[in-house]
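Here is the structure we will look at.
The values are calculated or read from the model by the stated rules, or taken from the named source; none is laboratory data. Since the structure is predicted, the reported quantities are computational estimates derived from the model, not experimental observations. In this analysis, Cβ positions are derived from the backbone assuming ideal geometry, glycine residues included, and neighbour counts consider all displayed protein chains. Only protein heavy atoms, including side chains, enter the accessible area calculation; ligands, DNA and RNA are left aside. Shrake-Rupley method; radii C 1.70, N 1.55, O 1.52, S 1.80 Å.
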Amino acid sequence: MSITVLENYLPPDALASLQEWFGNHRIHIRITRSRTSKLGDYRKMPDGSHQISVNSNLQPHLFFFVLTHELAHLVAFDRYAGRITAHGPEWKKIFSDMLISSIRVYPEDLQPIILRFSRSPKASFTASPELVKYFHIEDVKDETCYLDDLALNDRFTYRKKIYVIEQKRNKNYICVQLESGKKYIFKPLARVEKIS
């Protein structure tokens, strides 16, 4: 696939960064259908070329972010001749540098979030509640919200049961299921429906 075909999926001004990163590498880009298990993938092929896949349904800035993540694997693999772990310190440094060098591609309101993420990149952007919230496409009919958006003592329903937020511990929430009185740990990005 030609790098210019990617323009249909990318935000404006992204091609300059990609051309620099692609360099002389032989890269096969696959635009795939939506996959729930992953947003993108990198593989070193037996013939020495590289294969990167990215889900076709991603918003342009998320598409570019995922493509950058996968290209960081390629660069790290090439630089260290494959003697590194997939999401180890070498990959983190390369991914961080790539995010910072391409920061102008992202909208102004997203740039600070990307910069914070770049300080210590994780294997998945879902490890960053800020990124997950930014890229979440709200369903107009969806009346749920993130648990993190609620306050202590707020009531909410989750899987047809009613809970109340008792306390926040580290990044998670301790919630009491009202019917049984049992306590459960919830992640901040759990989708729940607030009871007014």
Projected label distance in nm at residue 172 and residue 57, using a 7 Å step from Cα toward the beta-carbon | 2.9 nm
For region 154-196: accessible area per residue (Å², 1.4 Å) = 72 Å²
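In units of 2.2 N^0.38 Å, what is the alpha-carbon radius of gyration of region 87-194? It would help to have the intermediate numbers written out before the result.
Working: Rg = 17.2 Å, N = 108, 2.2 N^0.38 = 13.0 Å.
Computed over Cα atoms of region 87-194, the ratio equals 1.32.
Over region 34-81, with the other protein chains present, what is the accessible area per residue in square angstrom, probe 1.4 angstrom? Could the numbers behind the result be given before it?
Details: 2030 Å² over 48 residues.
For region 34-81, the solvent-accessible area averages 42 Å² per residue.
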Contour minus Cα-Cα distance for residue 185 and residue 16 (0.36 nm per residue) | 56.4 nm
Per the Kirkwood definition applied to all pairs of different Cα atoms, how many angstroms is the hydrodynamic radius of the chain?
-> 18.8 Å
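To the nearest µm²/s, what D does Stokes-Einstein give for region 29-105 at 20 °C and 1.002 mPa s, using the Kirkwood radius over alpha carbon pairs as Rh? Mind showing how you got there, number by number?
On the way: Rh = 13.0 Å.
Rounded, D is 165 µm²/s.
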Could you tell me what percent of the accessible area of the chain is made up of carbon and sulfur, with a 1.4 Å probe and every protein chain present?
-> 50 percent
